[in-house]
Amino acid sequence: MSAANKKWIKWPQVVGISLICGIAVAGCSRSDEVDDAETIDATTEPAANDSAVAPVINCDDPMVQDRLKNTLRNTLNQQAQVLAASYANDAEISLSSATVSGKINGILIDVQNAAILQEANDNGLTTCQASVSMTLPSEDLYQASQLQAANNQPSLQTRLAQDNIRINNNMLVDDTFTYVVGTQGGQVGIRIAGQPALITVVSDVMAGSVLKSAMESQRAQRSAQEAERRREAAQNNNENQTIRQPKPATPSAPAQPATPPTINQNSNQSSSPSEPQNAVTPSTDAKELATPAAPASVPKDDSIDMVIIEDESATY
């Protein structure tokens with residue numbers, strides 16, 4: 001075979017090989033493009049889902065502050081109930097849980113100057129810091145201070161200074177109160193970070209106030225019962241003395257003094273048949289008692305002669 005025929009046979013083989021390689025390269029390139037597209041879709045889809053599940057919540061959102069106030073009040077109630085039960089057990093006195101809850105509901109809670117302390121993490125949780133104030137009734141602060149002084153405990157001002165809590169009249173302020181805000185199941189959630197000293201102090205104050213009020217009420221009740229027992233005992237004693245002691249005898253009227261008889265001075269007066277002559281009549285006249293009666297006069301009769309008889313034995 002000639003050299004020209006040999007060259008003609010080689011060119012179709014080269015073209016066929018080149019065509020096969022081109023098809024193979026094209027198929028490989030298309031397969032790589034499809035894999036790259038699937039990879040991009042797989043990486044971008046979870047990011048979209050994450051942003052939908054965990055949106056970023058602002059610390060100063062009004063709804064966040066309302067949720068924070070409710071969380072603070074519930075936490076205060078729980079801790080105050082535990083402390084009140086412990087104090088009541090030590091003092092051997094009963095306390096009503098409703099009384100403690102009523103005290104907690106009387107606290108005025110406010111949140112100011114909320115700001116981001118740490119940006120949202122991968123789970124969408126944002127760490128916030130704010131100035132939280134709790135205004136307590138003056139009576140509760142006074143009762144708690146009296147109880148602490150009676151038990152030789154540090155004063156409220158000392159405890160607040162140690163915990164970096166400001167006090168303004170009856171308002172307690174924590175300027176560095178930390179909390180975490182996020183969403184769970186589409187709902188905004190609040191979580192208090194750590195164990196804030198403000199909650200501990202306020203819970204202790206309210207539990208101590210409830211205990212002090214209960215102790216004073218019990219003491220007043222005991223005093224009233226003791227006074228009632230004494231009054232009843234004194235009344236029973238008086239009744240017994242009245243029954244046993246004889247009544248004093250009533251003195252009778254003094255006897256009237258005897259009245260001396262009065263002699264009738266008129267001898268010629270005739271006596272009535274029912275009243276004999278010279279009858280004695282009693283008299284109650286004080287003047288007749290004081291004046292002596294006049295002597296009776298001797299009756300005179302001129303018809304009678306005087307007879308003189310001499311006695312020889314007589315000496316003249």
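The values are calculated or read from the model by the stated rules, or taken from the named source; none is laboratory data. Only a predicted model underlies this, so the values are computations on that prediction, with no experimental measurement involved. Because the Cβ atoms are built from the backbone with ideal geometry, glycine has one as well, and the counts that use them run over all protein chains shown.
Report the residue count in the stretch 163-192 for those that are polar (S, T, N, Q) and assigned to a strand (DSSP E or B).
Step one: list which residues in the stretch 163-192 are polar (S, T, N, Q), which gives 164, 168-170, 176, 178, 183-184, 187.
This time we only want the ones that are assigned to a strand (DSSP E or B), so: 168, 176, 178, 183-184, 187.
Result for the stretch 163-192: 6.
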What number of residues in the stretch 146-172 are in contact (Cβ under 8 Å) with a residue 60 or more places away in the chain and either of a type in the set (S, T, N, Q) or loosely packed, with under 11 Cβ neighbours inside 10 Å (or both)?
-> 2
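Each row is one residue, and each column tells you yes or no for (1) surrounded by 12 or more Cβ atoms within 10 Å (Cβ to Cβ); (2) among the acidic types (Asp, Glu); (3) assigned by TED's automatic domain parsing to the domain that holds residue 137.
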{"position": "56", "(1), (2), (3)": "yes, no, no"}
{"position": "69", "(1), (2), (3)": "yes, no, yes"}
{"position": "76", "(1), (2), (3)": "yes, no, yes"}
{"position": "80", "(1), (2), (3)": "yes, no, yes"}
{"position": "91", "(1), (2), (3)": "yes, no, yes"}
{"position": "99", "(1), (2), (3)": "yes, no, yes"}
{"position": "107", "(1), (2), (3)": "yes, no, yes"}
{"position": "115", "(1), (2), (3)": "no, no, yes"}
Of the candidates 147, 141, the one satisfying the condition of being modelled with pLDDT under 90 and outside any loop (DSSP other than H, G, I, E, B) is 147
Considering each residue of the stretch 59-69, count those that are farther than 15 Å from residue 127 by Cβ and in contact (Cβ under 8 Å) with a residue 40 or more places away in the chain, and give that number.
-> 4
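Give the residues of the stretch 103-136 that are in a strand (DSSP E or B), aliphatic (A, V, I, L, M) and in contact with a helix residue (DSSP H, G or I) (Cβ under 9 Å, 6 or more places away or on another chain), sorted by residue number. Before you say what the answer is, go through the steps one by one.
Keep residues of the stretch 103-136 that are in a strand (DSSP E or B), which gives 108-118, 126-135.
When the remaining residues are screened for being aliphatic (A, V, I, L, M), the result is 108-109, 111, 114-117, 130, 132, 134.
109, 111, 114, 130, 132, 134, listed by residue number.
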